[in-house]
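Below: one structure in structure tokens.
What follows draws every value from the coordinates through simple rules; no lab data is involved. This is a predicted model, so every value here is computed, not measured. With ideal geometry, Cβ positions are generated from the backbone for all residues, glycine too; neighbour counts draw on all protein chains shown.
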Amino acid sequence: MRATTALFLLLVLAYVVAILLFPASYISNLGFSSVSLLQGGRLWTAVTYVFAHADAFHLAFNLLFLYVFGNALESKVGATRLVSAFFAGGIAGVLLSIPFYPSDTTIIGASIAVSALVGAVIVLNPNAKSSPLFLYLPLGLLAVIYVIFNVFMLSYDQSGGVAWPSHIIGFAIGVVLGLEWRAKKPLGAS
């Protein structure tokens, strides 16, 4: 799928460029925090945080879920709605997460945006098969496992460092989008 591949490559390119050109400062410049948004006027960080990742593993995990759920969603609703879900989930998800973190907490990574894709897939294409990495399980089942894992970690992980509430909010945004799109027939390439 073209849009999923484009997002995939854009995330990789952004990570490589940031590491090469701004190794010491890219997270502070691209990452989202409510204090920098509200007091510093750094509105762009509500978008750019999606392209900043802590390390290659963080990026790889988000790319895996983007590839699996993005392709399934794009095949059902088309490129425009996929990209809309990705950015709407990412932007709205991080803004709605503000009350859950101290104001100086910096949020980075595409996981909130990808969580929106997971939420949309559970509504629109739950029977799609996953990749061999997920043993070809139905994506609806993987989405349920994903949400349960995030709720569990939100309840029990006190170490910090992962935006569990934001993942759940992103997922909920995706579910809402999926329900809206399902009500508007026909689905297909847009």
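Hand me the trypsin sites (Lys or Arg not before Pro) from the range 83-190 located in a DSSP loop with no more than 15 other Cβ atoms within 10 Å, in residue order please. Don't skip to the end; give the middle numbers.
Working: sites: K129, R182, K184; in loops: K184.
The qualifying sites are K184.
For every helix of n ≥ 4 consecutive DSSP H residues, a contribution of -39,500 (n - 2.57) applies; sum these over the chain, divide by its total residues, and give [θ] at 222 nm rounded to the nearest 500 deg cm²/dmol.
Values: 9 runs with 126 residues, N = 190.
Dividing the helical sum by the residues of the chain leaves -21500 deg cm²/dmol.
Could you give me the ³J(HN,Hα) list for the range 82-93, computed from phi with Karplus coefficients 6.51, -1.76, 1.60 and θ = phi - 60°, whole Hz, x at Gly and Pro?
Whole-Hz 3J(HN,Hα) from phi for the range 82-93: 4, 5, 4, 5, 4, 6, 5, x, x, 6, 5, x.
Now for a separate question. Sort out for me the Cα centre separation of the range 1-56 from the range 67-122, rounded to whole Å.
14
If contacts are Cα pairs under 8 angstrom and at least 6 residues apart, what is the relative contact order of the chain in percent?
Values: 298 pairs, mean separation 49.2, N = 190.
Normalised by residue count, the contact order of the chain is 26 percent.
Please work out how much length the chain gains when fully extended from R2 to T80, using 0.36 nm per residue of separation minus the C-alpha to C-alpha distance, in nm with one decimal. Mind dumping the intermediate values first?
On the way: separation 78, 0.36 × 78 = 28.08 nm, distance 1.06 nm.
My answer for the length gained is 27.0 nm.
Ordered by residue, what ³J(HN,Hα) values in Hz, to whole numbers, does the range 36-49 give under the Karplus form 6.51 cos²θ - 1.76 cosθ + 1.60, where θ = phi - 60° and Gly and Pro are x?
6, 6, 7, 9, x, x, 8, 4, 4, 5, 5, 10, 5, 4
Return the long-range amide H neighbours of A52 (sequence gap of 5 or more, or a different chain), with a cut-off of under 5 Å between placed amide H atoms.
Amide H to amide H, under 5 Å and 5 or more residues apart or across chains, A52 pairs with G109.
Have a look at S34, L141, F100 and report the one farthest towards the positive end of the charge dipole of the chain, computed about the Cα centre with Cβ charges (Lys/Arg +1, Asp/Glu -1).
L141
Could you give the dipole magnitude of the chain about its Cα centre, charging the beta-carbon of Lys and Arg +1 and that of Asp and Glu -1, in debye to the nearest 20?
Computed about the Cα centre, the dipole is about 620 debye.
Then there is this: Take peptides 146-153, 35-42, 120-127 and line them up by average Cβ neighbours within 10 Å, highest first, as a rough protection proxy. Could the numbers behind the result be given before it?
Numbers: 146-153: 15.6, 35-42: 13.1, 120-127: 21.9.
Highest to lowest by the protection proxy: 120-127, 146-153, 35-42.
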